[in-house]
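Chemist: Below are the structure tokens for one structure; questions will follow.
The values are calculated or read from the model by the stated rules, or taken from the named source; none is laboratory data. Since this is a predicted model, take the numbers as computed values, not measurements. FYI the Cβ positions are ideal-geometry reconstructions off the backbone, even for glycines, and counts take in every protein chain you see.
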Amino acid sequence: MANFALLAALLVSGQASAPRPELLGPSGFVSPDGFYVAVRRAPDAKLTVEGGEASKTDRGYFVVPKAGARVVTVRADSLETKYQVGPPAARISLQLIGALPVKNRDAAAELSVEVLGAEGKPDPQSAPPVLRANVGTIEGLSRVAPGRYRARYVLPTTKYPEVAVVVAFSAWPHPQSVHGAFGALRVPLASAVELPGQTERDADFSIVIAGQKFGPVKAGPDGRFKVPVVVPPGYGSGQGTAIDRLGNQRVTAFDLQLPPTDQLACVISPTRLPADGASRARVMCATSDPFGNVATGAKVQLTAARGALSPARPLENGVVEWTYVAPRELSEKPDALAASWKLGSATAREDLSLQLQQGPAVQAKVAIDEPVVHVGGRAALKLQVADAMGRPRPNAQVTVQSSGKASPAVESSPGKLRVDWSPGTAVGRQTLVLRAWGPAGTEPARVVAWAENGALYAAVTDLAGQPVPAQTLSLGTSSLTTDAEGVCRLGPLVDGDLEVGHADWPGLTTTVHVREGGKWVFPPGARPGSAPQTLEVLVAPAVPVNVRVEAKGSDVTWWVESAQGEVLPNRRVAVRVSAGEVGAQAEKDGRTKAVVTGLNGPATISVVDIDTQVIGLAEVKP
């Protein structure tokens, strides 16, 4: 927990000076997706922006940098602030350490990864990149210095030569961002094999492949030979020379009979998006010619089963990219993307998948089955939970604030939950506060802050708004961890400016401005989940049993249950009506049904438990 005396000292900024206009916004790099600014104590100030565009919202001014802008200048009369647009990293440099690996000789190679800024130096704020290869696997990515990483490239188990295309993407400022640095590396994987063949007996045989001579080896009495060769990718033939015992020489073209290879690698970020019709992902593909060089002008095709794709955009280093926009419709299956590139008679293909997720619970309707609950009894609290688009939200969590006890929520169908609540010993009216939230996410994308009960709180959510638990936030020299609801208490409300950052994602920060004795917090945030819902419940003294009577017109059902809500069969009851007659009674599972006949208008039916004299009443109608 933060040292609040030190925190107060850090937060207080210029409180002794006279009030003056302020232009408030984030510190550090800002996202190309936009950021919020606010103007205080200057209601007539005109906001102007260079390098971006601003729109007024209920959360302040939202400023979106222009495409390619590195600096956005915001002015309000005499106030001016310049914002640096991220990401700070410009590209990723990928290199193999040591000699090129050779199949059938080497199992793995060490890969050096550097996330570089615009000046060509490693970026200390970079996050670990995601790496993908068209063939082979990449293991054990580890950070060795700020902006520098090491990984192990494991060669494929196939025997033939091919080109490994390795792509890397370092997302910024969070793992679900489309922004960040990209890099590609093409590694020619030669293959060391023993090439078999047959020529004249006892002849000397040699072969030249890609300008390099292998052999000679002597053929056996049957003319068979095996010559050790190293075949680089892209070379499908060699020139063999056989010299017999008399010195006669024969030169023959030799077909290596190599299969076509995959020369395409793609990466998608993020791999999970809300199905909201607006969230985006970035797809980047790198190609190689058969020899391991950049394939210029490669026409890579990309398709998506459900989402929308932008036209392809060529980048440097033989890379092409697309923007993917998520659909609004949910599906249990991920969206399937397929990239393909036809080179001659061969077609390279890369299959990708993107999980579409539902947003969290933000709406909740609450009801209680009985407005009166007896001490020692319990009542069923029923909730209907939905996301921001009004769709039922399964797997949500429920928090109940009361003086009694609440059971864990049980979901009967998507978005419909029940909580059993038992009151305390106090008799009288009680207020229950219920809130639906979640389910929990796994990838941090936003940090929001808000004031609550005289304290400042922060939450970490993913791109869909789902709370992310167990996240470490830095607060000056202190660190805090989010709870199961993705929330942590920062400290008491003290006027000033506070920087709250994610410990593992340096770009994921928020600058919180607290003013007016803690009554004003910018940017405004809120606890994740639905708005609190209140229920007024009358808690009555304890009773030995409850008599329940339900009437629908003239159809009546009654039963006796314990204080805990369990139906008690075979109870002796007396049934009376103020008018009409009670017809034939049918009992099943402790509940009795009957029809009241002979009614000319509304009447009252009473059911009395004979052993306890507890009564239940209901109105019946013809």
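Chemist: Could you check the range 349-389 and list, in sequence order, the residues that are of a type in the set (Val, Ile, Thr) and loosely packed, with under 14 Cβ neighbours inside 10 Å?
Modeler: Taking the range 349-389 first, the residues of a type in the set (Val, Ile, Thr) are 362, 366, 368, 372-373, 375, 385.
VAL372 - this is the single residue of the range 349-389 that is of a type in the set (Val, Ile, Thr) and loosely packed, with under 14 Cβ neighbours inside 10 Å.
Chemist: Would you confirm whether any residue within the range 27-35 is within 17 Å of THR509 (Cβ to Cβ), aromatic (Phe, Trp, Tyr), outside the structural domain of SER177 (by TED's automatic domain parsing) and at pLDDT 95 or above?
Modeler: yes
Chemist: Further, regarding this structure: When you look at GLU114, is it surrounded by fewer than 16 Cβ atoms within 10 Å (Cβ to Cβ) and either assigned to a strand (DSSP E or B) or not assigned by TED's automatic domain parsing to the domain that holds PHE182 (or both), yes or no?
Modeler: no
Chemist: Restrict the check to the range 335-348 and report whether at least one residue is farther than 30 Å from VAL543 by Cβ, assigned to a strand (DSSP E or B), touching an Asp or Glu at 6+ places or on another chain (Cβ under 6 Å) and modelled with pLDDT under 95.
Modeler: Yes, some residue in the range 335-348 is farther than 30 Å from VAL543 by Cβ, assigned to a strand (DSSP E or B), touching an Asp or Glu at 6+ places or on another chain (Cβ under 6 Å) and modelled with pLDDT under 95.
Chemist: To continue, here is another question. Based on what the data block shows, is VAL208 β-branched (Val, Ile, Thr) and free of Cβ contacts under 8 Å to residues at least 40 places away in the same chain?
Modeler: Yes.
Chemist: Another question about this same structure. Tally the residues that are closer than 13 Å to VAL74 by Cβ and either within 27 Å of the chain's Cα centre (by Cα) or modelled with pLDDT under 50 (or both), restricting the search to the range 1-26.
Modeler: Number of matching residues: 2.
Chemist: Of these, ALA184, ALA151, ALA168, ALA164, which one is closer than 25 Å to ARG446 by Cβ and part of a strand (DSSP E or B)?
Modeler: Every option except ALA168 fails the conditions.
Chemist: Related question: Determine whether the range 577-591 contains at least one residue that is touching a Phe, Trp or Tyr at 6+ places or on another chain (Cβ under 8 Å) and surrounded by fewer than 17 Cβ atoms within 10 Å (Cβ to Cβ).
Modeler: Within the range 577-591, one or more residues are touching a Phe, Trp or Tyr at 6+ places or on another chain (Cβ under 8 Å) and surrounded by fewer than 17 Cβ atoms within 10 Å (Cβ to Cβ).
Chemist: Is it the case that ARG250 is among the basic types (Lys, Arg) and in the same structural domain as ALA133 (by TED's automatic domain parsing)?
Modeler: No, not satisfied.
Let's see how each residue does on (1) of a type in the set (S, T, N, Q); (2) part of a strand (DSSP E or B); (3) more than 15 Å from LEU337 (Cα to Cα); (4) in contact with a strand residue (DSSP E or B) (Cβ under 9 Å, 6 or more places away or on another chain):
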{"site": "GLY234", "(1), (2), (3), (4)": "no, no, yes, yes"}
{"site": "GLY238", "(1), (2), (3), (4)": "no, yes, yes, yes"}
{"site": "VAL251", "(1), (2), (3), (4)": "no, yes, yes, yes"}
{"site": "ASP262", "(1), (2), (3), (4)": "no, no, yes, yes"}
{"site": "LEU273", "(1), (2), (3), (4)": "no, yes, no, yes"}
{"site": "ALA278", "(1), (2), (3), (4)": "no, no, yes, yes"}
{"site": "MET284", "(1), (2), (3), (4)": "no, yes, no, yes"}
{"site": "ALA298", "(1), (2), (3), (4)": "no, no, yes, yes"}
{"site": "THR303", "(1), (2), (3), (4)": "yes, yes, no, yes"}
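Chemist: Run down VAL460, VAL419 and say which single residue is more than 28 Å from the chain's Cα centre (by Cα) and surrounded by 15 or more Cβ atoms within 10 Å (Cβ to Cβ).
Modeler: From the options VAL460, VAL419, the qualifying one is VAL419.
Chemist: Quick one: in the range 303-348, of everything that is surrounded by fewer than 12 Cβ atoms within 10 Å (Cβ to Cβ) and free of Cβ contacts under 8 Å to residues at least 40 places away in the same chain, which residue is nearest to PRO394 (Cα to Cα)? Spell out the reasoning first.
Modeler: Let us first name the residues in the range 303-348 that are surrounded by fewer than 12 Cβ atoms within 10 Å (Cβ to Cβ), namely 303, 311, 313, 316, 329, 332-333, 344-345.
Add one more test, that the residue is free of Cβ contacts under 8 Å to residues at least 40 places away in the same chain, and what stays is 303, 311, 313, 316, 332-333, 344.
Working: THR303: 30, PRO311: 36, ARG313: 39, GLU316: 44, GLU332: 13, LYS333: 16, GLY344: 50 Å.
So, considering only residues that are surrounded by fewer than 12 Cβ atoms within 10 Å (Cβ to Cβ) and free of Cβ contacts under 8 Å to residues at least 40 places away in the same chain, the one nearest to PRO394 (Cα to Cα) is GLU332.
Chemist: Among the candidates GLU370, GLU452, which residue alone is more than 23 Å from the chain's Cα centre (by Cα) and either in contact (Cβ under 8 Å) with a residue 40 or more places away in the chain or not assigned by TED's automatic domain parsing to the domain that holds GLY501 (or both)? Can you show your working first?
Modeler: Values: GLU370 fails: either in contact (Cβ under 8 Å) with a residue 40 or more places away in the chain or not assigned by TED's automatic domain parsing to the domain that holds GLY501 (or both).
GLU452 is the lone residue from the list that is more than 23 Å from the chain's Cα centre (by Cα) and either in contact (Cβ under 8 Å) with a residue 40 or more places away in the chain or not assigned by TED's automatic domain parsing to the domain that holds GLY501 (or both).
Chemist: Within the range 49-67, track down each residue that is in a strand (DSSP E or B), among the acidic types (Asp, Glu) and farther than 11 Å from GLY34 by Cβ.
Modeler: Of all residues in the range 49-67, those in a strand (DSSP E or B) come to 49-50, 52-57, 60-65.
Pick out the ones that are also among the acidic types (Asp, Glu) and you get 50, 53.
Across the range 49-67, the qualifying residue is only GLU50.
Chemist: Among the residues in the range 606-621, are any loosely packed, with under 15 Cβ neighbours inside 10 Å and small (Gly, Ala, Ser)?
Modeler: So the first thing to find is which residues in the range 606-621 are loosely packed, with under 15 Cβ neighbours inside 10 Å, and the list is 610-613, 615, 617, 619, 621.
Restricting the remaining residues to those that are small (Gly, Ala, Ser) gives none.
So far as the range 606-621 goes, no, none of its residues is loosely packed, with under 15 Cβ neighbours inside 10 Å and small (Gly, Ala, Ser).
Chemist: Any idea how many residues of the range 559-586 are in contact (Cβ under 8 Å) with a residue 24 or more places away in the chain, of a type outside the set (Gly, Ala, Ser) and not in a strand (DSSP E or B)?
Modeler: Adding up the residues that qualify gives 3.
Chemist: Okay, moving on. Name the residues in the range 587-600 that are assigned to a strand (DSSP E or B), small (Gly, Ala, Ser) and modelled with pLDDT under 95, would you?
Modeler: Filtering the range 587-600 for residues assigned to a strand (DSSP E or B) gives 587-588, 591-597.
When the remaining residues are screened for being small (Gly, Ala, Ser), the result is 594.
Result: no residue meets the conditions.
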